[in-house]
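This report refers to the structure that appears directly beneath it.
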Amino acid sequence: MKYLKICFLLLITTAAFSQNRGSVDPKLTELLNQKDSVQLGKKLEALSKSDVEEDLNLLVSYYNTTRNQNKRDSIARLSIRKFPNGFAAFDEALGEIYNETNGAENEKKYKLFVSRFGSNPTLKGHFFFDAAKYYVAVSFRNNPGKVMQYLNQIRDTVYKTKAFSYAARETYARKEYVLAETLIKKSIGDEMRRSAEKSADYYTYARQYAAILYANKKYKDGLKYARQVYAQDDKKDKTFNDTYLNLLVANREFTEAFPLMEESIKNGRAAQEVKAQFKNAYITVKGSDQGFVAYERALYDALKEKINADLAKKMIKEPAFDFSVTDVNGKTVSLSDYKGKTVVLDFWATWCGPCKASFPNMQAAVNKFKDDSSVVFLFIHTWETDADPVKSADNYLRTNKYTFNLLMDLKDPVAKTNKAAAGYKLQGIPAKFVIDKNGMIRFRSLGGTSAGSDAFVEEMSTMIDLAKHG
């Protein structure tokens with residue numbers, strides 16, 4: 001059964017429920033507030049035996065809220081058996097559209113979705129129909145016509161504006177920059193027509209627009225929007241700060257850019273063009289290049305010293321779980337196969353945005369150690385949501401030209417768990433582990449990272465070095 005695991009989907013469906021249904025279901029609130037465990041057990045048991053679909057939906061919501069996935073899945077399957085065209089089946093079908101990455105196949109699934117559920121009066125006008133259009137739209141790659149066709153069919157005007165911005169983010173990540181610009185212009189235009197005052201949403205879209213304009217080499221226009229955001233920003237958004245600096249450098253605004261360039265290099269976030277233009281900025285501010293080489297070296301040395309000091313405090317020594325997983329050809333691979341080597345594990349999934357966001361930096365780290373036979377990187381796909389996770393994971397890496405050693409931590413059909421993930425007690429992904437030659441975990445890193453490429457690779461290099469010799 002396919003369930004929707006991305007925070008984005010949970011957010012938009014929650015927003016939709018609050019918009020379409022008002023406040024949280026009082027029956028759910030009553031269950032959640034029940035202190036008497038005996039009475040609660042009786043109520044849950046009665047709901048599970050009910051032949052009323054709304055009762056089973058309530059039970060699914062309860063177990064979802066209390067994070068009891070096994071119970072939630074069990075009741076959802078029961079609901080689908082009893083009500084094959086009801087809400088649980090509706091939710092599952094949307095999950096299949098969400099997980100499908102082939103646009104042509106998704107279009108077929110969408111038409112079946114509408115045919116199957118469109119005539120159900122209790123589902124008429126449900127937000128999921130608009131959500132499905134968005135998922136179909138972004139499943140089309142390098143096909144602007146289809147993307148626009150499905151986005152333009154969205155009925156909820158507020159969500160439609162946001163959906164164009166979400167699609168702009170997706171296409172920008174896929175380097176479809178021209179289409180991304182068209183999409184985000186629609187969101188900005190909609191927001192400006194709604195209000196003469198610049199809203200929080202307007203500034204969110206302006207951030208995207210500035211980055212997309214930079215990618216399309218429209219530096220002057222990009223800086224105009226970036227300045228609007230920067231003037232009212234709290235300066236905590238590191239990704240936007242990078243965009244703003246890149247646009248300043250592209251426009252050769254070196255006087256304003258110089259202190260930001262210093263900070264960016266010292267923190268390991270500087271883009272190649274920033275580093276390439278740093279000397280010109282130095283000359284603009286200082287009047288000559290005298291002292292530049294020593295000054296630049298000091299910035300890079302400060303980065304290394306900070307990383308070394310921070311990582312020395314985080315070093316651990318715990319036995320690593322000796323997993324057994326499979327490669328894309330079905331061959332069994334175990335951690336013990338790499339005894340005597342330093343091993344970097346990266347647990348990820350195709351549905352995990354932060355996992356994929358870290359991959360360009362991980363590729364840089366892989367490239368750095370490609371000739372070091374004592375270091376191995378293993379990218380373990382886990383917590384799958386689609387029917388053929390091996391194919392989808394392999395296709396994703398191939399499409400994006402990542403040269404990763406892909407392993408599959410597939411769900412055990414009996415235990416219903418992903419054993420490698422369970423062995424490392426994962427609470428979320430991405431999750432990275434650095435394991436020394438004796439099979440001891442020396443570093444763990446959970447969640448995404450906001451580090452720039454230089455800082456990320458330096459951190460990874462330092463962790464590997466400490467694991468080798470620490």
Of the candidates TYR402, TYR396, the one satisfying the condition of being part of a helix (DSSP H, G or I), within 19 Å of the chain's Cα centre (by Cα) and not assigned by TED's automatic domain parsing to the domain that holds GLN69 is TYR396
- Message: Residues that are surrounded by fewer than 14 Cβ atoms within 10 Å (Cβ to Cβ) and either in a strand (DSSP E or B) or in contact with an Asp or Glu (Cβ under 9 Å, 6 or more places away or on another chain) (or both): does region 459-468 have at least one?
- Response: no
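Whether any residue in region 209-229 is farther than 22 Å from ALA271 by Cβ and in contact with a helix residue (DSSP H, G or I) (Cβ under 8 Å, 6 or more places away or on another chain) is what I want to check.
no
Of the residues ALA270, ALA349, which is in contact with a Phe, Trp or Tyr (Cβ under 9 Å, 6 or more places away or on another chain), touching a residue at least 40 places away in the same chain (Cβ under 8 Å) and more than 30 Å from TYR230 (Cβ to Cβ)?
After applying the criteria, what remains is ALA349.
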In region 237-255, anything surrounded by 15 or more Cβ atoms within 10 Å (Cβ to Cβ) and assigned to a helix (DSSP H, G or I) is listed as PHE240, ASN241, ASP242, THR243, TYR244, LEU245, ASN246, LEU247, LEU248, VAL249, ALA250, PHE254
Look at LYS331 and say whether it is under 30 Å from LEU397 (Cβ atoms), in the same structural domain as LYS391 (by TED's automatic domain parsing), touching a Lys or Arg at 6+ places or on another chain (Cβ under 9 Å) and surrounded by fewer than 15 Cβ atoms within 10 Å (Cβ to Cβ).
no
Picked from region 112-139 (must be part of a loop (DSSP other than H, G, I, E, B) and over 15 Å from GLU92 (Cβ atoms)), the residue farthest from the chain's Cα centre (by Cα) is SER119
The correct count of residues that are hydroxyl-bearing (Ser, Thr, Tyr) and surrounded by fewer than 17 Cβ atoms within 10 Å (Cβ to Cβ) in region 389-425 is 4
Residue set ASN106, ASN142; condition in a loop (DSSP other than H, G, I, E, B) and farther than 18 Å from THR204 by Cβ; output residue ASN142
Checking PHE456, PHE443 in turn, the sole residue that is under 27 Å from ARG269 (Cβ atoms), in contact with a strand residue (DSSP E or B) (Cβ under 6 Å, 6 or more places away or on another chain) and among the aromatic types (Phe, Trp, Tyr) turns out to be PHE443
Of the listed residues (ALA270, ALA320, ALA294), the one being at pLDDT 95 or above, surrounded by 19 or more Cβ atoms within 10 Å (Cβ to Cβ) and among the small types (Gly, Ala, Ser) is ALA320
Yes or no: region 214-225 includes at least one residue that is farther than 30 Å from ALA89 by Cβ, surrounded by 20 or more Cβ atoms within 10 Å (Cβ to Cβ) and within 24 Å of the chain's Cα centre (by Cα). yes
Within region 55-92, of all residues that are more than 29 Å from the chain's Cα centre (by Cα) and assigned to a loop (DSSP other than H, G, I, E, B), the one surrounded by the fewest Cβ atoms within 10 Å (Cβ to Cβ) is PRO84
Inside region 299-317, the number of residues satisfying the requirement of being surrounded by 11 or more Cβ atoms within 10 Å (Cβ to Cβ) and in a helix (DSSP H, G or I) is 13
So, first residue in contact (Cβ under 8 Å) with a residue 12 or more places away in the chain in region 29-54, second residue among the acidic types (Asp, Glu), Cβ within less than 6 Å, six or more apart or across chains; the pairs are LEU47/ASP55
Filter region 8-54 for residues that are closer than 20 Å to PHE127 by Cα and exposed (fewer than 11 other Cβ atoms within 10 Å of the Cβ); the one that is modelled with the lowest pLDDT is LEU11
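The values are calculated or read from the model by the stated rules, or taken from the named source; none is laboratory data. Note that the coordinates shown come from a computational prediction; the quantities given were computed from them, not determined experimentally. Here Cβ is always computed from backbone atoms with ideal geometry, including for glycine, and neighbour counts include all displayed protein chains.
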